[in-house]
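Here the structure is laid out as structure tokens; the discussion comes afterwards.
What follows draws every value from the coordinates through simple rules; no lab data is involved. Computed from a prediction, not measured in an experiment: that's the story for all the values here. So basically every Cβ, Gly included, is an ideal-geometry build from the backbone, and we count neighbours across all protein chains shown.
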Amino acid sequence: MSSVSLRSLWVRFSSPALYELTDEQLMMNLKDDDQKSFCVLYDRYKAPLNQWISWMTGRKAVAEELTQDVFLKVYQQRNHYRPQSFKSWIYTIARNQARDYLRKKQEWLVEDERSLEVNPVNDIDDIAHELILRQEEAQLRAGIDELSPRVREAFTLWLADEWSFDEIGVMLECSGQAAKNLVHRAKRDLKEWFSAGEF
């Protein structure tokens, strides 16, 4: 039995008229089991959600898995959806998935420290090359990790999907101005962090 990917479902079932609908209209269609609407929502949100979750967790592979989990929850919870901002709703699901992962990761780290084994490094050149390739991303990631959770969340929403400050405010349950202040604080803190060479 072959499995059908969501992308192939989208290719098979999408129609141009669906792309003219708002996210909220597509979600209401999905409540009526319209699979085409789900595929359009998936197509619209997969990349930005994946990027945002990657920023939140620091792991691209984990972000892929959590993004799939988010869409699974959207599908499973479709009948509980109430007309509201779909974007805020799906990012709330994503935020909860990322937080659950980070909480479990913290538990795993404590467990791993107890059973840590030192493995000899066989190919220093390969490791060095990989570290050089990832250095800039790692430095930015380290800087973002230094931000407070609320500031980090506002900044990564703004960075990953170019949310408006009002949308970020809705997501974080604060005013648009407060969200703007959080993003500016993140920029200021990152600039200071990089200037101080704390990486």
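Worth a mention:
- Taking a straight Cα-Cα cut-off under 22 Å and skipping sequence neighbours fewer than 8 places away in the same chain, the lysines within cross-link reach of residue 46 are 31, 36, 60, 73, 87.
- When peptides 18-24, 76-82, 42-48, 31-37 are sorted by average Cβ neighbour count within 10 Å, with the highest value leading, the order is 42-48, 31-37, 18-24, 76-82.
- Shown for the range 135-199 is the translational diffusion coefficient from the Stokes-Einstein equation, using the Kirkwood radius over Cα pairs, a temperature of 10 °C and a viscosity of 1.306 mPa s: 134 µm²/s.
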